[in-house]
Structures are given as structure tokens and as C-alpha cells.
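Presented below is the structure to which this report refers.
The values are calculated or read from the model by the stated rules, or taken from the named source; none is laboratory data. Being a predicted model, the structure only gives us computed values, none of them experimental. Glycine also receives a Cβ, built like all others from the backbone with ideal geometry; neighbour counts cover every protein chain displayed.
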Amino acid sequence: MTRRGRLVALVAAATLAAPLAARAQDAAKGADLELIRVVRALGDRIAAIVGRPARGDLMALRAEEPARIAAARSRAARMLPDAVAAARGRAWSDLGWRSTDPAELVAALELDLAGMTLDADGGRLLVDPTRLVPDSGHGDPNEDPDASLLLATGVAADEPVAGHYIAHILTDEPPPASPPTTDSLLARAALSEGTANLAALILLFGGVGLEAEVVGGTLRPEDALAGRLVGPGRHAESPAVASLVEFAYLDGFAQAAAIAKRGDFRRLLAERKTRRTTRDVIHLDRPPATPPEVSQPVIPGPAEWSLADRDALGEQGIVVLVSHLTGKDNLGLMAGDGWVADALWRFEPKGADPSRPGFTVWTTRWTSEDEAKDFLYALERCFQARFPSEAFHDLGDGARSLGRADRSYRIEIRGSEVSLRIAPPSIEALLQKKKGAEPRSRPPK
């Protein structure tokens, strides 16, 4: 054999040996090679749908539900550490969300769809042992209403769910390095879940010529496959968490489809980089706007308080808060519209002494003084619903207060800015006593 012939033979042998070695390595680790093959084949199809390069290194592992939940909670805890989540929960409780846990919201979004999730690093698909199994068939049309659809499309029942997760792997940006605000978390989740479900439904319906109906919003994730493409967090015990999760999946899909309809997945992925608030997700007719920075309030007196968390509810958070506390959906929509920025601060005593309480300050900004007055009206309606026999007292100069045994509530409106401070009476008295040295902040122009 010539030298060139030997070289060609060696290259051919190496080319054949590489996948064999990889398969042997995977088998040695106990990998489900058929599962990996199916997921990589799906990955090629999803990559073509979303316009991203295919990933030949996609990995999938079998995992029981406890392991999947643990992986999702690990990702959630890295995104929103326990101490931050606890402080945020105390601020939410002050606002009236007493049974609502910020950590549960993040965990519900990270767990995503039933039967599968991503691993703790977000790079591998964890699949229930009963899902994506060989020769699972497409069901009996006499027993399963989705079986006829699956038989017509040639798509197995679990493949759209797996495609949903593969779309996440291919299109999602890395998680934020610092704890996200509720507003940014929901905005990111809405367009992320919307993109993933858009890809999953095109995978399901594209083969029968219904892609236009998917992009047009006629075919929706909650109506297909018995709702498997909507996260179980939609049915969370906390009504507020359930509503926020529903926004991420249902409103997120509607808005992602509307963006893709005006362009394609490239436009959708580009707009995901600029629409960072729920206001930007809700109002596609408005150009994305970066919220102005809301300055941290000056706390009078010695440096005995530390900032435990800085959150922002955003337009959708305000809509859900007002709707749930008052029972009036229209009032919630009215309260949220016109949002420009907000900041929800939770101050805790230094030293983390559990016997010493902290306090909450919430500042919101609006497009006009009229919008600020609408929000103020809705906010006071929230307090009327919480404390029917009590009312705010006018303090003059745009300030009002409501005193209770456990909390004092102080609202101020200045131009297009509304602020709310919630503190135990002892702390409120201390803050008022030392306020003489505090410079009065000017309302935004």
C-alpha cells in the first residue's frame, strides 16, 4: 500500500472509531443511547425551525421526578438565593401577597413542563423513564383525542415537549449573573417560553401544513396535547404565582407568535434582546424602553439598615397584585398601564437579628400625573379590600397614612411618582423623628 493509501485508511479508521468510542464511553456511563439518538434527531429539526446551528452534542438522561425537581430547584436557587428570596417574600407580604413565595415562582418557571426538565447546569435534558420510550406509538384515537392528530402528523406524543426544551437550549441566553427583578424574570420567561412553544407547535403541526395557524395564534399550546406544553405552575396553590406563570406561558406565546408573524424566528430572537420588561412584552406596538433608574431612598439616622433586596414588579406584576387584592381585573389593567419604572426595596437591620423587624419602600413612576393618580386610586382600593374598616388619613402635601397595630402605611404622590412605605409603627416613628435631616427628593420631570 502506498503512503497516501495508508494515510487515507488511517483517516477513515479514525473517522469510524471516533463515534464508536463516544458510544462506548456513553454506554460505560449508563447512557440511554436510543434516547440520545432521538433527542439529537429532534435537535436537528428544531434547529432548522428556529434558524440556529444544529447541536450534535445534545445529551439526554433518564431521571425520576425527584431528581428533575432537585435540578430545577438548584437552578432556581442560583438565580434567586434563599436569603434574597426570603427578603423579597417579606416585601411582597407587606404589599398584600402574604401567601406568595418568590422562590416558588422561580422554581415553577425553572421546572417548566411535566415529564422533563433541564439539568442543574441547563445543558442536558432530563427525561422521565416513561417518556420518549421506543415504540411508544401514537395512542388509540378511540381513547385519546390527540391520537388522531399524532397519527396524521407522524410526531410522537412526547416529541413536542422534548422539542420545547431543545429550543430553550438553542435559543436562550445565559441566566443573569445577579438576582433578577420579578419584572425582568417574567419578561425573559414569557418570550423564552413563547419561543420554545412556537417551535414545539411548528414541529407538531408543520408537517400537515398548519404552520401559518400556529404563527397566527389560532393553534395555541394550552389547546394541544392536553395542555402538556403549559407548565404545571399554572395551577400553583398561590393564585398570584399561578397568574404570573400563566402570563409567561399564554401571553408569552401570543406575543412571541405575533413577533414571528411580522418577521421570523430571527426577528423574534433579536427582539428578545431588547424587550426586557413586561411592559415591552405586553405592548408590542410600543418601542422597547429602558426604565429610568429609580434612586434608592435616603434612610435617615445612623447606618443601622442594610438593603436585603431590590425588586421591581413591572406592569404585569402590578396588574396581578391589584387584580388579586381587589378582585377587579379591569382595575388591575388600569393600574398597570402607563408604568415607566418601579423599585421595591426591602431594608433589614444589620446583623440579621430575627427579633428586629425591617421595612419596605416601593417607588413607582408613570407616564403622566393622571396615570400616577390612577395607580394611587388602585393602590388605595387594595388597602380598602385588605382593611375594610380602616381608611387613610390625609397628612397634606400629597401624603396619606394608615396606622395599624402591626404596620404603618404611608403613601405619597409627587407629580408622576407614587411612593409607599410600610414599616412597623416603632420604625415608622423613628424614621419620622429623624426625617428633619433628610433632603426631600424632587419628583421626576
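Some notes on this structure:
- Residue in region 70-82 that is within 22 Å of Ala31 (Cα to Cα) and buried (at least 21 other Cβ atoms within 10 Å of the Cβ) present: yes
- Residue in region 181-200 that is at pLDDT 95 or above and surrounded by fewer than 20 Cβ atoms within 10 Å (Cβ to Cβ) present: yes
- Tally, over region 355-377, of residues that are closer than 23 Å to Leu430 by Cα, of a type in the set (Gly, Ala, Ser) and surrounded by 15 or more Cβ atoms within 10 Å (Cβ to Cβ): 1
- You will find that of Ser238, Ser295, the residue that is touching a residue at least 40 places away in the same chain (Cβ under 8 Å), surrounded by 15 or more Cβ atoms within 10 Å (Cβ to Cβ) and of a type in the set (Gly, Ala, Ser) is Ser238 and no other.
- In region 113-131, the condition of being at positive phi and modelled with pLDDT under 85 is met by no residue.
- Selection count where residues are of a type outside the set (Gly, Ala, Ser) and surrounded by fewer than 17 Cβ atoms within 10 Å (Cβ to Cβ), scope region 40-51: 1
- Selection count, region 224-235, where residues are farther than 18 Å from Glu110 by Cβ and touching a residue at least 40 places away in the same chain (Cβ under 8 Å): 3
- Boolean, Asp264 is touching a Pro at 6+ places or on another chain (Cβ under 8 Å) and among the acidic types (Asp, Glu): no
- Hits in region 204-223 - residues which are touching a residue at least 24 places away in the same chain (Cβ under 8 Å), surrounded by fewer than 18 Cβ atoms within 10 Å (Cβ to Cβ) and within 14 Å of Lys261 (Cα to Cα): Gly216, Gly217
So that you can scan it fast, the table gives a plain yes or no per residue for (1) assigned by TED's automatic domain parsing to the domain that holds Leu186; (2) crowded, with 17+ Cβ neighbours inside 10 Å; (3) within 30 Å of Ala429 (Cβ to Cβ):
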{"residue": "Arg310", "(1), (2), (3)": "no, yes, yes"}
{"residue": "Met334", "(1), (2), (3)": "no, yes, no"}
{"residue": "Phe347", "(1), (2), (3)": "no, yes, yes"}
{"residue": "Leu379", "(1), (2), (3)": "no, yes, yes"}
{"residue": "Cys382", "(1), (2), (3)": "no, yes, yes"}
{"residue": "Ala391", "(1), (2), (3)": "no, no, yes"}
